[in-house]
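Each reported figure results from applying straightforward, stated rules to the coordinates on display, with no laboratory input. Here the structure is a predicted model, which means the values were calculated and not measured. With ideal geometry, Cβ positions are generated from the backbone for all residues, glycine too; neighbour counts draw on all protein chains shown.
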Amino acid sequence: MPQQNNHDEILFDHNHDGIDRRGFLKCMAWAGTGALCVLEGGVLKSYALNDPSGVKKAAKGELSFVQISDSHMGFNKPANPDVVATLKAAMDKINALPVPPEFMLHTGDISHLSKPEEFDTVDQILKSAPTKDVFFVPGEHDVLEDNGQQYLARYGKNTKGAGWYSFDKKGVHLIGLVNVMNLKSGGMGSLGAEQLAWLEDDVRHLSKSTPVIVFAHMPLWNIYPEWGWGTDDSAQALSYLKRFGSVTVLNGHIHQTMQKVEGNVTFHTATSTAFPQPHPGAAPSPGPMKVPADQLRGLLGVTNVNYVRKHHALALIDSTLE
Amino acid sequence: MRIRMNKSSWILSVAASMVLALAALPTVEKSMAAGPPTVEVKIDNFSFAPAALTVKAGTQITWTNADDIPHTVVSDDNATFKSKVLDTDEKFTFTASKPGTYSYFCSIHPKMTGKVVVE
């Protein structure tokens, strides 16, 4: 199915880059139903998930890195009684990539209950990664009880505030944001005034042609406010990024793949390595989705991100653990 | 040393203990009646049920987490009551002593809100 000609998907190619909204929505549906989707060099391409030649072709570029998310170490309920095995399967998948990733991002909910042994287990498994460079942001499950002190002690070296920071890789500016602290009754994710001020200052010196990648746990776009799937003050954060030609926002939290393009900003959420969650509104609550054991790994996965300098575009490849 | 008990004295002692138990019973009932009234709130499907509650001052409210995901019970002022993180089947009890309206939420999933009115 995904190997068909994509040209018939492109109806409104405003940016002359071969992508339109409908193409992306189509791509989103494939990602959710067992295919993988690639934006490579600004051209939308799709590959069957288990098509090794497709993955091989997609893994070329100036900069390639991997995003993993929501390992929920410590979770042991029927939706996935063995989150250790599925995280290890994700590592195998990453180790099998034809081009080793430059670095890895973990977009939060490392642990399920913020227990030291849960963090220890993840740290141990991540030792098998093809890179020692792993960058974290906390999920709400990582900052239970202690206001995030343990998280900061473990993963927050050289960060500001509750753990936000930025760094540069091959001309790409990456920004890790924290939107899981000081959550207010009735609200969603929150960045807070101090972090917003820092962000505004952090990007001020950058030229507008610098590709920017922002990563945070909770979505920085309002996917489904009824379930709290969004961030209350994300619009302000994004306003500081308007002038940049290429902005990519990577999130976790909702345990499923979704993409949206708005102007020069591409939003992307990653699957969990632990358990799937229902599509927005498709269940009474966003609790873990129980699926037959033989389907579980098809709903978990990793995201490989590939930056092609020539086109200033990012290719995002979601692959499942199957 | 072994106390030997014949049949009649055994019956007597059983009867005596039954009388004692019966005598004690009203006391037990009285102390139960004097205990605080209790109310249960179930945390299920990322919501509090019932979400709004009106109770008499002194009522003991117990929340039980029936979800697969941890939740908390925290008053909006972050001070009146604040549970630890409740994993599946864990409970939190708060005795509502002062009249007033107390809004609360789950600090992990802040879309989950509830209210207790103490009369």
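Computed values, structure above
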| read-out | value |
| --- | --- |
| Paramagnetic reach from residue B:44 (point 7 Å along Cα→Cβ, amide N under 18 Å) across segment B:52-90 | B:52-53, B:62-72, B:87-90 |
| Whole-angstrom gap from segment A:101-177 to segment A:205-261, using each part's C-alpha centre | 18 |
| Residue B:80 paired with residue A:82, simple spin-label distance in nm, labels 7 Å along Cα-to-beta-carbon | 4.8 |
| Inter-probe distance in nm under a simple model that places probes 7 Å from Cα toward Cβ, at residue A:243 and residue B:89 | 5.8 |
| Environment charge of residue B:46, counting only residues whose C-beta is closer than 9 Å and scoring Lys/Arg +1, Asp/Glu -1 | -1 |
| Peptide B:101-113, shielding by other chains (average Cβ, 10 Å cutoff) | 5 |
| Neighbour cut-off at most 14 other Cβ (10 Å), DSSP loop, trypsin sites (Lys or Arg not before Pro), segment A:223-322 | A:242, A:243, A:290 |
| Per principal axis, descending, Cα span of segment A:212-265 in whole Å | 31, 21, 16 |
| Under the Debye formula (equal points on every Cα, no solvent term), log10 I(q)/I(0) of segment B:57-115 at q = 0.15, 0.16, 0.19 Å⁻¹ | -0.41, -0.46, -0.65 |
| Mean Cα-pair separation over length for segment A:110-196, i.e. relative contact order, pairs under 8 Å, 6 or more apart, % | 21 |
| Column: log10 I(q)/I(0), Debye, Cα scatterers of segment A:172-322, q = 0.09, 0.15, 0.21 Å⁻¹ | -0.30, -0.81, -1.35 |
| Whole-percent pair-distance distribution, where bins are 5 Å wide, for the alpha carbons of segment A:154-214 | 4, 16, 26, 22, 17, 10, 4, 1, 0 |
